[in-house]
Ligand code: NBP
């Protein structure tokens with residue numbers, strides 16, 4: 001029997017769907033799962049009649065694979081990846097390729113990559129976005145590792161990746177060395193948090209503030225999805241708003257408990273941005289908004305004692321809806337400017353050599369943040385690969401400039417009504433700070449020098465100064 005092109009270890013929902021995707025694209029896949037009964041159920045169910053063969057041990061899995069052998073680990077991130085690597089390693093030979101396709105922390109991937117490279121193995125930390133549907137029908141794939149490993153894997157990855165509507169190109173590229181793939185996947189998720197929070201704040205303003213019912217909002221989001229805001233997250237928001245609860249007959253979204261959970265990739269993005277000194281206030285605001293939402297019991301108690309303005313809008317609703325659309329687009333650009341700048345700073349910090357045009361290109365389809373905007377971001381970085389900030393690209397500068405009045409109006413309205421808008425507010429503040437030749441950091445420096453003799457520099461001459469301020 002012909003050998004398999006790839007082995008997959010871990011037949012959870014992601015592993016199973018990736019196996020089916022790889023096989024559908026013409027490759028023979030060998031599989032292994034720690035709990036063998038789950039593998040048997042898969043082989044006799046969804047995998048029946050397909051070029052998918054099971055293995056009852058790691059040696060049996062290896063014996064089925066073409067050389068160099070490619071093994072994809074799709075296990076829970078964390079200790080399961082280390083355990084899996086230790087169990088598989090004795091059966092690998094120099095030149096073989098081990099891939100971790102889970103949501104691993106990029107520093108773990110750096111560590112594993114160095115250790116396995118020292119043993120002559122290729123280790124590929126590979127971000128996969130798109131959830132279970134994406135895994136089955138075409139995810140956006142972010143593989144790190146050596147160029148040799150990429151050359152070996154590219155024929156499979158290009159086939160199984162999502163294809164962009166615009167040009168049919170597969171949404172996969174070699175991201176960079178070591179942990180680069182998992183790093184970029186982490187930032188993708190941070191940007192996803194920000195996208196979701198910006199949409200949530202606009203929903204809150206239009207629903208709680210302007211009193212628009214969910215069904216009407218669904219129509220508005222549908223319409224927005226046909227214009228510049230076209231994206232997966234806007235599309236699913238319309239579908240969510242339209243769904244009725246079978247128990248109460250109310251919009252189902254209103255019956256969902258308002259406590260946002262998180263698995264940690266947004267937090268990793270913020271933590272890393274603090275570590276490397278990259279300002280990403282809108283992603284941070286999105287992480288913080290989820291944390292604030294989780295304090296439900298405290299919020300309920302506080303809502304009974306802390307007073308604010310009445311959240312009832314009395315102005316022109318249609319004008320507010322139009323301003324909200326423009327504000328959402330402007331704040332989305334401002335959020336992407338932060339995320340892409342974070343990637344640029346991280347690329348230098350970790351020697352990742354990231355190609356920002358390529359990264360935006362592979363986010364155009366398959367992943368959760370897929371959006372029309374990503375094609376424009378790709379074009380901006382192709383025009384100028386050394387672009388220090390997306391806002392300095394002429395097209396994006398004009399896009400924000402022409403919508404900033406709307407963003408300011410939306411924020412003024414939200415503030416007037418007492419509706420929190422952490423992410424929208426942070427996006428505008430980022431814009432105002434980034435375009436400020438002078439910020440009040442002069443006072444901060446003076447204070448630091450006052451209480452801690454931390455010294456300061458002057459605007460008019462070189463040198464380090466200290467003043468006895470009293
Ligand atoms: P599941 O929780 O569905 O499956 C986990 C798999 O890991 C099972 O096959 C399990 O085997 C196996 N496993 C574990 Br746990 N410990 C193992 C070990 N020590 N040795 C061998 N196998 C082990 O995970 P999933 O939802 O498919 O996710 C897999 C990865 O993909 C995660 O890192 C996740 O964060 C990432 N991811 C998930 C999504 C999504 O939408 N779900 C999207 C993108 C990325 P068993 O059957 O014996 O327990």
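The values are calculated or read from the model by the stated rules, or taken from the named source; none is laboratory data. None of these values were measured; they are calculated from a predicted model. Please note: Cβ atoms are built from the backbone with ideal geometry, for glycine as well, and neighbour counts cover all protein chains shown.
Yes/no per residue for (1) part of a helix (DSSP H, G or I); (2) under 26 Å from residue 368 (Cβ atoms); (3) within 14 Å of the ligand (Cβ to nearest atom):
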| position | (1), (2), (3) |
| --- | --- |
| 98 | no, no, yes |
| 115 | yes, no, no |
| 126 | no, yes, yes |
| 152 | yes, no, no |
| 166 | no, yes, no |
Next on the checklist: Looking at (1) in contact (Cβ under 8 Å) with a residue 24 or more places away in the chain; (2) over 25 Å from the mean Cα position of the chain (by Cα); (3) more than 17 Å from residue 98 (Cβ to Cβ), which one does residue 7 not meet, given that it meets all the others?
Outcome noted: (3)
Checklist entry - Quick one: in the stretch 55-86, which of the residues that are out of contact with any strand residue (DSSP E or B) (no Cβ under 9 Å at 6 or more places or on another chain) and within 13 Å of the ligand (Cβ to nearest atom) is nearest to residue 145 (Cα to Cα)? => result 82
Item to check | Sole residue being part of a helix (DSSP H, G or I) and either more than 12 Å from residue 324 (Cα to Cα) or at pLDDT below 95 (or both), chosen from 211, 219 | outcome: 219
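Mind telling me which of the residues 409, 454 ends up being touching a residue at least 40 places away in the same chain (Cβ under 8 Å) and in contact with a helix residue (DSSP H, G or I) (Cβ under 7 Å, 6 or more places away or on another chain)?
Numbers: 454 fails: touching a residue at least 40 places away in the same chain (Cβ under 8 Å).
409 is the lone residue from the list that is touching a residue at least 40 places away in the same chain (Cβ under 8 Å) and in contact with a helix residue (DSSP H, G or I) (Cβ under 7 Å, 6 or more places away or on another chain).
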Item to check | Residues satisfying the stated conditions in the stretch 251-288, i.e. in contact with a helix residue (DSSP H, G or I) (Cβ under 8 Å, 6 or more places away or on another chain), in a helix (DSSP H, G or I), without any contact (Cβ under 8 Å) to a residue 60 or more places away in the chain and away from the ligand (no atom under 16 Å from the Cβ) | outcome: 252, 253, 254
Checklist outcome for this item: Looking across the stretch 337-374 at residues that are buried (at least 20 other Cβ atoms within 10 Å of the Cβ) and closer than 30 Å to residue 213 by Cα, the single one that is farthest from the chain's Cα centre (by Cα) is 373
Item to check | Residue check, residue 41 surrounded by 14 or more Cβ atoms within 10 Å (Cβ to Cβ), within 13 Å of the ligand (Cβ to nearest atom) and farther than 17 Å from residue 124 by Cβ | outcome: yes
Next on the checklist: If residue 155 meets every condition in (1) closer than 20 Å to residue 23 by Cα; (2) surrounded by 21 or more Cβ atoms within 10 Å (Cβ to Cβ) apart from one, which number is that one?
Outcome noted: (2)
